[in-house]
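Laboratory data are not the source of any read-out in this text; all were calculated from the coordinates shown. Here the structure is a predicted model, which means the values were calculated and not measured. Don't worry about glycine lacking a Cβ; one is built from the backbone with ideal geometry, like all the others, and counts go over all protein chains shown.
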Amino acid sequence: MRKREKVREFDFRAQRGEPTSSSAAKKPCDRRGADAAETARKGLDDMAQKHRHPVIDWNRMTDRQRQMKARAENLTAQIALDQHREHDRANKALFASLESVLAQLADTPKAEEFFRLFSETATLANAKRIANHPDCPDVVRDEIALRIEKTGATRGREGAASVAPGQSVNASEG
């Protein structure tokens, strides 16, 4: 390394606020004063650079850079699709075992809690469908019916629940 190169390296270290000699690195110094001076210097630098160019100037990209950007966007989209497919597969796996879980929970307090949780988080239309499930406990059906009545009363339509949950529309069915 030539003498001129050493001087340039020395100057860069001084500008970055790094110690410029081995003895300076070993000496303890008051960090608060140095940090305040550094912050003030950075603030002045930022004010002096009002019209800085953005990190990436999208208007000045070359064709090669546009192609690289398009590839990056395609890769990002592919990652999103892969993650979405994996999420769908996990949901399908849960749904595939749902019937056997319901069969194991039949006539237990856990079944009541299971249906209650699903009906509380479901929309009103889906809650009605949940109440129509053959394994849905009567207690949960009653809670859903109360929710339907309460929602119908708030909306001003007393007859919103013309068919009680758990019963079919045709009276001849059952």
**Fill in**
The FRET efficiency for Ala90 and Phe118, from their Cβ-Cβ distance with R0 = 22 Å and rounded to 0.05, is 0.80
**Asked** What does the charge add up to near Pro137, with Lys and Arg as +1, Asp and Glu as -1, over the other residues with Cβ less than 13 Å from its Cβ?
**Response** -4
**Message:** At 0.36 nm per residue, and after removing the present C-alpha to C-alpha distance, how many nm does the segment from His51 to Val101 gain when stretched out fully?
**Reply:** 11.7 nm
**Fill in**
Residue span Lys110 to Ile79: 0.36 nm per residue of separation minus Cα-Cα distance leaves a gain in nm of 7.4 nm
